[in-house]
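Everything on this sheet refers to the single structure shown next.
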Amino acid sequence: MKIIKLGMIGFGNVAHGFIQALIEKKTFFRKEMGLEFLVTSITDIRYGTIYDPDGLPVEKLASVRDFSEMDQSLFREWNTIQMIRNAESDVIIELSYTDLKTGEPAVLHCQEALLSGKHVITSNKGPIALHYSMLKGLARDNGVKIGCEGTVMSGTPALRLATDSLLPTGITEIKGILNGTTNFILTEMENGSTYDDALKEAQRLGYAEADPSGDVEGFDTAGKIAILAHLVFGTFIKPEDINREGISDITLEDIRDAQKANMHWKLIGSLKKTEKGLEASVKPVMLPEDNPLSAIRGAGNAIQYRTDLLGEITLIGPGAGRKETAAALIEDLLHIVL
Ligand code: HSE
């Protein structure tokens, strides 16, 4: 049995989903892959750091929201950087809050982990949108890897489909519904809900960012478009430089008018190779019923790759949620350790 030790940064929704997934898939990992994952450390800016080199009690952790019920002997006086350096771990799972302007504090966490010779897996868009090349270089120089599948469309393998399979087919354009919260709100409004009620429900279900303006004003989609630009086209675009419009100005009347014309409002992120360079945008678009993106409901996401050799490929799947994002972390983990 190969034992892999994990250090986690952040104990929020996605961290809980990840711990739950490790518990649910434990037998599969052992029997089918000969792998045993031990969470040796978790640090959260709100609750402190807990550590056990032989593995923390994950069943207990899955049932608590903070560390107040954890055994006192598990606590360490370590900040996040000290945890990264001191805890026995092969992989650091970075799940701190997203900041698309600076990427911090996650960039620092990822750098520190890679410099310490530990693999990094993150669903945090900040460091990948802003500093992917630097982090990838650090990973290479230190003989480790960085996984970021969960930054775009959660566990639906949008990035891996492009980077591992489609690149040689010549991708020329990408279009997609890349934000679960806004698609959920637009769907709920079509069903008669108000904008405010729909947003509250998206927050309750764990789709929305800590600051939901990041979702509804299109920043989150812009971050994902920047990540795709970087990973698929090798072009760095700052999320804040992307031509962007959100959904907060769409009224119930706009939704009704679209429905009468058999159309649906969708927040579309796009990238297109042109003679002038790569064009990027995020904006609400009214799509006819027969467009495949029109049919995406709730927190669902979809991405369309236009390619030279294969024409158009559409990938549809979940785009947000604790379990769905945890799936991406598991995918990355297996890619790294197998
Ligand atoms: N807030 C994001 C969304 C989470 O709604 O899509 C996943 O990136």
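Worth a mention:
- Selection within the range 310-330 - farther than 10 Å from Gly155 by Cβ, in contact with a strand residue (DSSP E or B) (Cβ under 7 Å, 6 or more places away or on another chain) and either in contact (Cβ under 8 Å) with a residue 12 or more places away in the chain or within 15 Å of the ligand (Cβ to nearest atom) (or both): Ile313, Thr314, Leu315, Ile316
- If you filter the range 137-189 down to residues that are within 16 Å of the ligand (Cβ to nearest atom) and farther than 17 Å from Asn301 by Cβ, you find that the one that is farthest from the chain's Cα centre (by Cα) is Met189.
- The number of residues in the range 30-66 that are β-branched (Val, Ile, Thr) and over 18 Å from Ile93 (Cα atoms) comes to 1.
- Of all residues in the range 206-251, those that are of a type in the set (Val, Ile, Thr), in contact with a strand residue (DSSP E or B) (Cβ under 6 Å, 6 or more places away or on another chain) and within 14 Å of the ligand (Cβ to nearest atom) total 3.
- Residue-level check: of (1) within 18 Å of the chain's Cα centre (by Cα); (2) within 16 Å of the ligand (Cβ to nearest atom), Leu333 misses just (2).
- Of all residues in the range 93-114 being of a type in the set (Asp, Glu) and more than 22 Å from Val337 (Cβ to Cβ), the one that is surrounded by the most Cβ atoms within 10 Å (Cβ to Cβ): Asp99
- Residues that are among the small types (Gly, Ala, Ser) and loosely packed, with under 14 Cβ neighbours inside 10 Å, drawn from the range 36-79: Ser63, Ser68, Ser73
- Residue in the range 112-128 that is closer than 21 Å to Arg244 by Cβ, within 16 Å of the ligand (Cβ to nearest atom), touching a helix residue (DSSP H, G or I) at 6+ places or on another chain (Cβ under 9 Å) and outside any helix (DSSP H, G or I) present: yes
- Per-region count, the range 249-267, residues part of a loop (DSSP other than H, G, I, E, B) and either in contact with a Ser or Thr (Cβ under 8 Å, 6 or more places away or on another chain) or charged (D, E, K, R) (or both): 1
- Within the range 55-104, the set of residues being of a type in the set (Asp, Glu) and touching a strand residue (DSSP E or B) at 6+ places or on another chain (Cβ under 7 Å) comprises Glu88, Asp90, Glu94.
All of the numbers you see were taken from the coordinates with simple rules; none came from a lab. Note that this is a predicted model, so its numbers are computed, not measured. Counting neighbours? That spans all protein chains shown, and the Cβs are built from the backbone with ideal geometry, glycine included.
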